[in-house]
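The values are calculated or read from the model by the stated rules, or taken from the named source; none is laboratory data. Treat the numbers as computed from the prediction; the structure is a model and nothing was measured. Don't worry about glycine lacking a Cβ; one is built from the backbone with ideal geometry, like all the others, and counts go over all protein chains shown.
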Amino acid sequence: MTVVLVYLLQFLVTFFPVTYASSEKYGGFSEPHLKDLRNRTKSLFYHGFNSYMAHGFPYDEVDPLTCEPASRDYEDIHNTWKNDAMGNFSLTLFDTLDAFVVLGDKQGFERNIQLIRDTYQDFDIDANVQVFETTIRVLGGLLSAHLYASDERRGYSIENYDGFLLRLAYDLGKRLVLASENKSGVPYPRTNLRYGPLKVPKSLQKEQCTAGITSLILEFGLLSRLTNDPIFELISRKTFLNMWSSKTVLGLLPMTVDARSNIFTDQITGVGASIDSFYEYALKYSILFDDEIFNDIWQESYKALLMHSQNSIGIFTNIHVSNAAAAREWIDALGAFFPGLLVLAGDLKNAFDFYTVYFKLWNTYGAIPERWDFSGFRWNYAYRDSKPYHPLDSLPGMSVEETKVALMNDAVLLEWYPLRPEFVESTYFLYRATKDPFFLRVGEAILQRFEKDFRAPCGFAGIDDIRVGTRQARMESFVLSETLKYLYLLFDPDNDLHTKNGAAIFSTEAHPFWFDDKLK
């Protein structure tokens, strides 16, 4: 047993007499208390969004520290950290449209839709963008907003709405689907919105990931069914099924592919970055469109993870796809979504077991490190004098508590935290399933951290290094479209999305999707 896991298990034993039940209406929180939490979360959202509109719009983002508009890096085309998502198309506005519905702000919803009508006729923009990020943030935002604007059953339909959001989504979809015109059969990871994928430098078109290949099917499937143009769903479905057919005998898929040769460039798999939404969209597509084939894919792929990836304390580890040997003994921040997905799949036990690991990370660092090593074997302090380090020992010149901090800091492999939503997402889903007040307390702690430590002059700044607390000069659109949206929904038991009338599937960007015959 490694040092960190010993500390983790000791903590869990004393902290988690969780009951999964409560006799009180809102899991131990009074309605006035929940209302206060909702109002504070809503205030945070408007602080971020209004800061963007005042200082960032029509650019993609706003720098939360300087209040300067933030756009793509025109000098360095290889700065994918910025350029993959920033397409010079008011990213934050598109990504947050349906958040106003979640907050119950119909006027804000209609006002911002009118702003888009006045500003955008199409996406004829000379910008190289990542297909995956643009699909989940912009196309997904348009589709969800169109559903709310057009479906009178949801209570947010707009009088005399003519479907222009769907026409914009269709224009964008036609530009994104061109990325599938690759002789290898693997979609290009990036495309130019005006000129197509062949205008993107070849150096940006080599590495593709499993999530990027398979995670277009929900948005593309919905776009096809709403527009009666089957091409989007046909292409994305074929691509997904082709990828699934490449699984190993263990039922596992590697994370990365060479888009030029259609050859896997690694033999590692897990549930985090580069493969996360493959699992997510297998299950969610099967639910949204009642598809037995994709339900079977989810069942088979999850069974493979339980058999080969899950370790003895519930962590889904990174393993070799052919022999299930332990490969990389870390988990990443994106993997924190998986407990929430397991709630949707009905596996509460494994959802909670995996969630507790991320909770411990949050409780230790006040954030979720982008990557964290749970093995203990790489640490500078793990061995002394060729003897195993005992968990109750203290390092020279340190107390036991100081030793614990030193070891935990050394386990941080990637140190930043850009206010990602995945941990909040799983907190929300676990509360909805269990009504246990513990998850409300976690949400309240996250809210306090936003108010005290993450808030900035023009929005919210993430953390460059969680070990020392340095600020990150960026507020990505998912902070408003996902993180604060899930936090608000956690505190709003009577939200329309929690009723039978409001039943929906959340996209990987937290955009509510639904579909039935009345929408055809």
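Condition check: surrounded by 22 or more Cβ atoms within 10 Å (Cβ to Cβ), part of a loop (DSSP other than H, G, I, E, B), acidic (D, E) and within 18 Å of the chain's Cα centre (by Cα). Does E482 satisfy that? No: the conditions fail for E482.
For the stretch 491-520, residues that are within 25 Å of L91 (Cα to Cα) and either in contact with a Phe, Trp or Tyr (Cβ under 6 Å, 6 or more places away or on another chain) or not aromatic (F, W, Y) (or both) total 9. Could you list all residues from the stretch 294-332 that are assigned to a helix (DSSP H, G or I) and either polar (S, T, N, Q) or under 22 Å from V257 (Cβ atoms) (or both)? Scanning the stretch 294-332 gives F294, N295, I297, W298, Q299, E300, S301, Y302, A304, L305, H308. Looking only at residues in the stretch 247-261 that are farther than 16 Å from A211 by Cβ and polar (S, T, N, Q), which one is surrounded by the fewest Cβ atoms within 10 Å (Cβ to Cβ)? Within the stretch 247-261, the match that is surrounded by the fewest Cβ atoms within 10 Å (Cβ to Cβ) is S261. Checked against the criteria, D464 counts as at pLDDT 95 or above, of a type in the set (D, E, K, R) and in contact with a Lys or Arg (Cβ under 8 Å, 6 or more places away or on another chain).
For the stretch 47-90, a tally of residues being surrounded by fewer than 21 Cβ atoms within 10 Å (Cβ to Cβ), among the hydroxyl-bearing types (S, T, Y) and within 21 Å of the chain's Cα centre (by Cα) returns 1. Under 20 Å from I505 (Cβ atoms) and over 18 Å from the mean Cα position of the chain (by Cα): is that true of F278 in this structure? Here the answer is no, as F278 does not meet what is asked.
If I filter the stretch 360-378 for residues that are assigned to a helix (DSSP H, G or I), in contact with a strand residue (DSSP E or B) (Cβ under 9 Å, 6 or more places away or on another chain) and either at pLDDT 90 or above or not hydrophobic (A, V, I, L, M, F, W, C) (or both), do I get at least one hit? Yes; the residues of the stretch 360-378 include at least one that is assigned to a helix (DSSP H, G or I), in contact with a strand residue (DSSP E or B) (Cβ under 9 Å, 6 or more places away or on another chain) and either at pLDDT 90 or above or not hydrophobic (A, V, I, L, M, F, W, C) (or both).
Within the stretch 406-453, the only residue that satisfies the criterion of being assigned to a helix (DSSP H, G or I), among the acidic types (D, E) and over 22 Å from G48 (Cα atoms) is D410. Within the stretch 490-506, the set of residues being in contact with a Pro (Cβ under 9 Å, 6 or more places away or on another chain) and in a loop (DSSP other than H, G, I, E, B) comprises G502, A504.
From the residues in the stretch 94-108 that are assigned to a helix (DSSP H, G or I) and buried (at least 17 other Cβ atoms within 10 Å of the Cβ), which one is nearest to the chain's Cα centre (by Cα)? Residue satisfying both the conditions and the ranking: D95. Reported count of residues in the stretch 306-363, each being touching a residue at least 12 places away in the same chain (Cβ under 8 Å) and at positive phi, is 2.
If you filter the stretch 227-241 down to residues that are surrounded by fewer than 16 Cβ atoms within 10 Å (Cβ to Cβ), in contact with a helix residue (DSSP H, G or I) (Cβ under 9 Å, 6 or more places away or on another chain) and not charged (D, E, K, R), you find that the one that is nearest to G173 (Cα to Cα) is I231. Comparison of A333, A345, A326 shows that the only residue that is surrounded by fewer than 21 Cβ atoms within 10 Å (Cβ to Cβ) and under 20 Å from L413 (Cα atoms) is A326. Residues of the stretch 454-473 that are in contact with a helix residue (DSSP H, G or I) (Cβ under 9 Å, 6 or more places away or on another chain) and outside any strand (DSSP E or B): F454, P457, C458, A461, G462, I466, R467, G469.
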